[in-house]
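Written out below as structure tokens is the structure these notes cover.
Derivation of every value follows stated rules applied to the coordinates shown; laboratory data play no part. The model shown is predicted, which means the values in this text are computed figures rather than measured ones. In this analysis, Cβ positions are derived from the backbone assuming ideal geometry, glycine residues included, and neighbour counts consider all displayed protein chains.
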Amino acid sequence: MKIKEGIQAPDFTLEGHDGKTYTLSDLKGKKVFLYFYPKDNTPGCTCEAETLRDAIAEFKKAKAHVFGISADSLASHKKFAEKLNLPFPLLSDSEKKVVTLYGVWGKKKMMGREYMGIKRMSFLIGTDGVVLRVYEDVKPKEHASEVVLDLKKK
């Protein structure tokens, strides 16, 4: 399924590295930024998480909740979040249900090799649960500032 701007964001429930369970529909009335990333402790994913961490005051000012989602285990997420001092939950989708639901699980290429994995994509969801913006081809270093600019417009 391909998620488009203007549609209701698909609901899901996932556990976070902080031991809490999060359900998207429980966050109605709040802006939500979901960022899907391939793997904990890899260079691009570390860079993206750090830039989002460093911009968290801007997200809070815009009253937007940030969630990172990958297929890594909760134990891996916990270590990654603690190592980087992340102020937002990392949600584990080890069964790959949500990454499939959001259309971020698919064929990838690296150095001529094809494999299945999580595409680096993000979704900005409005207070009514409708997708405001879909970010494809995310550049880890610039992504946080791009989202912050969008939050100021919305």
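With the requirement that a residue be in contact with a strand residue (DSSP E or B) (Cβ under 7 Å, 6 or more places away or on another chain), of a type outside the set (A, V, I, L, M) and surrounded by 13 or more Cβ atoms within 10 Å (Cβ to Cβ), what does the stretch 121-142 give you?
Ser122, Phe123, Gly126, Thr127, Gly129, Arg133, Tyr135
Are any residues in the stretch 1-50 farther than 19 Å from Lys97 by Cβ, in a loop (DSSP other than H, G, I, E, B) and of a type in the set (Val, Ile, Thr), and if so, which ones?
Thr42
Return yes when Lys39 is on the phi < 0 side of the Ramachandran plot and in contact with a Cys (Cβ under 7 Å, 6 or more places away or on another chain) and no when it is not.
Working: on the phi < 0 side of the Ramachandran plot: yes; in contact with a Cys (Cβ under 7 Å, 6 or more places away or on another chain): yes.
Yes.
Just to be sure, is Lys79 more than 15 Å from the chain's Cα centre (by Cα), in contact (Cβ under 8 Å) with a residue 24 or more places away in the chain and closer than 20 Å to Lys20 by Cα?
Numbers: more than 15 Å from the chain's Cα centre (by Cα): yes; in contact (Cβ under 8 Å) with a residue 24 or more places away in the chain: yes; closer than 20 Å to Lys20 by Cα: yes.
Yes; evaluated as a whole, the condition is true for this residue.
So that you can scan it fast, the table gives a plain yes or no per residue for (1) buried (at least 18 other Cβ atoms within 10 Å of the Cβ); (2) β-branched (Val, Ile, Thr):
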site	(1), (2)
Gly19	no, no
Tyr22	yes, no
Leu27	no, no
Lys39	no, no
Thr42	no, yes
Lys83	no, no
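Collect the residues in the stretch 97-116 that are over 21 Å from Glu15 (Cβ atoms) and not hydroxyl-bearing (Ser, Thr, Tyr), keeping them in residue-number order.
Step one: list which residues in the stretch 97-116 are over 21 Å from Glu15 (Cβ atoms), which gives 103, 106-116.
Scanning the stretch 97-116 gives Gly103, Gly106, Lys107, Lys108, Lys109, Met110, Met111, Gly112, Arg113, Glu114, Met116.
Being assigned to a helix (DSSP H, G or I), in contact with a Gly (Cβ under 8 Å, 6 or more places away or on another chain) and closer than 22 Å to Phe12 by Cβ: is that true of His143 here? Walk me through how you get there before you give the answer.
On the way: assigned to a helix (DSSP H, G or I): yes; in contact with a Gly (Cβ under 8 Å, 6 or more places away or on another chain): no; closer than 22 Å to Phe12 by Cβ: yes.
No.
Restricting the search to the stretch 104-136, which residues are over 13 Å from the mean Cα position of the chain (by Cα) and either small (Gly, Ala, Ser) or not in a strand (DSSP E or B) (or both)?
The answer is Gly106, Met111, Gly112, Gly117, Gly126, Thr127, Asp128, Gly129.
If I filter the stretch 112-132 for residues that are among the polar types (S, T, N, Q), more than 20 Å from Gly44 (Cβ to Cβ) and out of contact with any Gly (no Cβ under 7 Å at 6 or more places or on another chain), do I get at least one hit? Lay out the reasoning, then the answer.
Let us first name the residues in the stretch 112-132 that are among the polar types (S, T, N, Q), namely 122, 127.
Then drop every residue that is not more than 20 Å from Gly44 (Cβ to Cβ), which leaves 127.
If we keep only those that are out of contact with any Gly (no Cβ under 7 Å at 6 or more places or on another chain) too, we end up with none.
No, because not a single residue in the stretch 112-132 is among the polar types (S, T, N, Q), more than 20 Å from Gly44 (Cβ to Cβ) and out of contact with any Gly (no Cβ under 7 Å at 6 or more places or on another chain).
Of the residues that make up the stretch 51-59, is at least one assigned to a helix (DSSP H, G or I), surrounded by 21 or more Cβ atoms within 10 Å (Cβ to Cβ) and within 11 Å of the chain's Cα centre (by Cα)?
Yes, that holds for at least one residue.
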